[in-house]
Structure formats: C-alpha cells, structure tokens
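Rule-based calculations on the coordinates, nothing more; no lab input. A quick note: this is a predicted structure, and the numbers were derived from the prediction, not measured. No Cβ is skipped: glycine too gets one built from the backbone with ideal geometry, and neighbour counts run over all protein chains shown.
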C-alpha cells in the first residue's frame, strides 16, 4: 500500500457569479490595490490517499472530487498527486 | 503595463484545527472512501494583476496576500504568477 499526497483545487465555472470574490475585490480596491481584478474564490484541499498504485489513487481521487469535494453543476476541479516516500 | 494571471492558495497552519476539513473527511469515510485522511480545506483564488514588471507584480501580490487574502496568524499562503500575453 502506498501513500499519496493530494492537492485539489475547486473553482466556480466562469458563468457562475461569485459574490465572495466580488466583495473581496471591492475591498482590495478600497485598500489601494486597484491593479487587482477578476478575483474569484474557490477551495484548496490537501489530503492523503492510500492506494496500491498511482493509477488507483488517481481514479479514486477523481471519484471523490466528483462525488464529494465539488459540485459538478457549478464547479470545476483539478488535482495533483504525489507519492509520499517514507524516509 | 503587463497583465499577470495569479493563483493564490491559502491554507491553515498545521497547528490550527480545521473543523470543516474534519467534517468532510467524516463524510468521505461514511461514503466509502476510507483511504482518504488528513483532509484540510483552504482557499484557492484566481485574479489578474496589472504591473510594470514581474518583480512588481510579485511584490504587490505578496502584499495583497499578507494584508487581505490571508490571515497570517492562522494561515499560510503561496502563489504562482504567469504573464498573460495578448494574442
């Protein structure tokens, strides 16, 4: 059994309005960061996954993202996966 | 003036308890994903930044992260920055 360190990013689809991102962008402008725009806020998740192989870890992570960690109607996700080697 | 596409990740420091991550991890176990553990949930932000140079964009983004996008007491951040070239 191998252990993988997984990083998942989830963000709203471009057609979905992001009120949280809009509010933070306004706050940034008020604070003097006029050069910032198009701010969108999503989620960043770190987890470890146990699997027999990298292929299995990818398959299971893909399924977790689709079923639990994101809402496929409104969100898109991407993940990266790295084997943790015991030292 | 150049335009940079910036991706910011913000996550809780290891010593800070993450109730949201804990709840989602429990839900994953209930749904049959026993191989997932150590789930922590942070934020993933996308924005565009206008600057004269990459060094200036980095400096300003660093400042935005410290002052607005993260809480340095409880959170750590990292960002990547890529120049957007008009086609």
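From A:84, A:39, A:47, grab the single residue that is in contact with a strand residue (DSSP E or B) (Cβ under 7 Å, 6 or more places away or on another chain) and in contact (Cβ under 8 Å) with a residue 60 or more places away in the chain.
Of the residues listed, the single one that is in contact with a strand residue (DSSP E or B) (Cβ under 7 Å, 6 or more places away or on another chain) and in contact (Cβ under 8 Å) with a residue 60 or more places away in the chain is A:84.
Out of the residues in region A:44-70 that are surrounded by fewer than 19 Cβ atoms within 10 Å (Cβ to Cβ) and part of a strand (DSSP E or B), which is farthest from the chain's Cα centre (by Cα)?
A:50
Look through region B:6-43, keep the residues that are buried (at least 17 other Cβ atoms within 10 Å of the Cβ) and over 19 Å from residue A:77 (Cα atoms), and return whichever of them is nearest to the other protein chains (Cβ to nearest Cβ).
This residue is B:35.
Just to be sure before I move on: is residue A:61 in contact with a strand residue (DSSP E or B) (Cβ under 7 Å, 6 or more places away or on another chain) and either more than 8 Å from chain B (Cβ to nearest Cβ) or in contact (Cβ under 8 Å) with a residue 40 or more places away in the chain (or both) in the structure I sent?
When the stated conditions are applied, residue A:61 passes them.
For region B:1-43, give me each residue that is under 14 Å from residue A:48 (Cα atoms) and not in a helix (DSSP H, G or I).
B:33, B:34, B:35, B:36, B:37, B:38, B:39, B:40, B:41
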